[in-house]
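Heads up, the thing below is written out as structure tokens.
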Amino acid sequence: MDKFKNKYRVSSTRLQSWDYRNNGAYFITICTANRKHLFGEIVKKLPSNLPTMQLNEIGKLAEKYWMEIPEHFPFVELGNFVIMPNHTHGILIIDKQIIDKQIETLQCNVSTGDKNIGAKNEQMAKISPKPGSISTIIRSYKSVVSKNARKIDPYFGWQSRFHDHIIRNNISFNNIQNYITNNPLMWNEDKFYK
């Protein structure tokens with residue numbers, strides 16, 4: 001573990017040799033705090049009797065705000081996405097060639113003249129998610145879902161981290177797309193089931 005300000009902090013799970021602002025496809029999994037079932041439930045739906053995710057109000061918010069990601073990050077396209085009772089799976093495709101400039105800015109690095117604050121801002125810039133990165137996109141998504149979900153359930157929360165996988169080829173992309181689509185069918189076998 002690394003130390004920051006003499007306190008241990010958990011090392012990043014991100015691939016250190018990769019810039020998460022790069023064009024590419026990313027498979028994202030985000031879990032609720034303690035994997036609590038907060039988004040709805042898997043039910044068997046007629047006439048097929050196949051397991052299907054039935055979203056509750058918080059689940060509908062999570063879906064709505066995921067679908068709105070490209071409105072706030074115009075360089076992002078969405079692949080398949082599913083909400084499960086206690087987690088979400090989705091593919092984010094970054095393609096910065098589709099826009100001329102980024103809309104978002106990170107403003108933690110503003111100088112106020114105080115040399116201690118400048119050093120603090122520099123350190124924050126090193127550890128903060130970079131504009132246009134997967135971390136920034138997920139942080140924004142989790143934030144807006146949390147803000148609105150807590151109007152329904154004041155104890156709503158996410159796990160502090162998320163899982164990502166850089167999709168490196170078409171075979172992997174298609175396998176992950178199918179995994180996401182079929183996730184409700186496999187719920188009883190899912191590692192997040194209990």
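The values are calculated or read from the model by the stated rules, or taken from the named source; none is laboratory data. Quick caveat, the model's predicted, so the values are computed rather than measured. Neighbour counts are summed over all protein chains in view; Cβ atoms, including those assigned to glycine, are modelled from backbone coordinates with ideal geometry. Please note that ligands, DNA and RNA were not included when accessible areas were found on the heavy atoms of the full protein model with its side chains. Shrake-Rupley method; radii C 1.70, N 1.55, O 1.52, S 1.80 Å.
Data table
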item	result
Selection count, the range 44-55, where residues are touching a Pro at 6+ places or on another chain (Cβ under 9 Å) and either among the charged types (D, E, K, R) or under 20 Å from I152 (Cβ atoms) (or both)	3
Complete set of residues in the range 165-190 that are touching a residue at least 60 places away in the same chain (Cβ under 8 Å) and among the hydroxyl-bearing types (S, T, Y)	Y179, T181
Candidates L50, L61, L46 - the one that is without any contact (Cβ under 8 Å) to a residue 40 or more places away in the chain, open to solvent by 30 Å² or more (accessible area, probe 1.4 Å), out of contact with any Asp or Glu (no Cβ under 6 Å at 6 or more places or on another chain) and hydrophobic (A, V, I, L, M, F, W, C)	L46
Candidates N170, N183, filtered to the one that is over 16 Å from I93 (Cβ atoms) and of a type outside the set (V, I, T)	N183
Counted residues, the range 134-157 - those being among the acidic types (D, E) and in a helix (DSSP H, G or I)	0
Qualifying residue in the range 116-133 (condition: loosely packed, with under 13 Cβ neighbours inside 10 Å and at pLDDT 95 or above)	no
Yes/no for R35 being at positive phi and either in contact with a strand residue (DSSP E or B) (Cβ under 7 Å, 6 or more places away or on another chain) or open to solvent by 60 Å² or more (accessible area, probe 1.4 Å) (or both)	yes
Wholly enclosed strands (runs of 3 or more DSSP E) of the range 1-107 bearing at least 1 residues modelled with pLDDT under 95 and more than 23 Å from S146 (Cα to Cα)	2-4, 7-9, 24-31, 40-45, 50-55, 87-94
Matching residues in the range 138-161 - criterion: being surrounded by 13 or more Cβ atoms within 10 Å (Cβ to Cβ) and either more than 24 Å from E41 (Cβ to Cβ) or basic (K, R) (or both)	I138, R139, S140, K142, R150, R161
Residues satisfying the stated conditions in the range 162-192, i.e. open to solvent by less than 80 Å² (accessible area, probe 1.4 Å) and either outside any helix (DSSP H, G or I) or of a type in the set (D, E, K, R) (or both)	F162, D164, H165, I166, I167, D190, F192
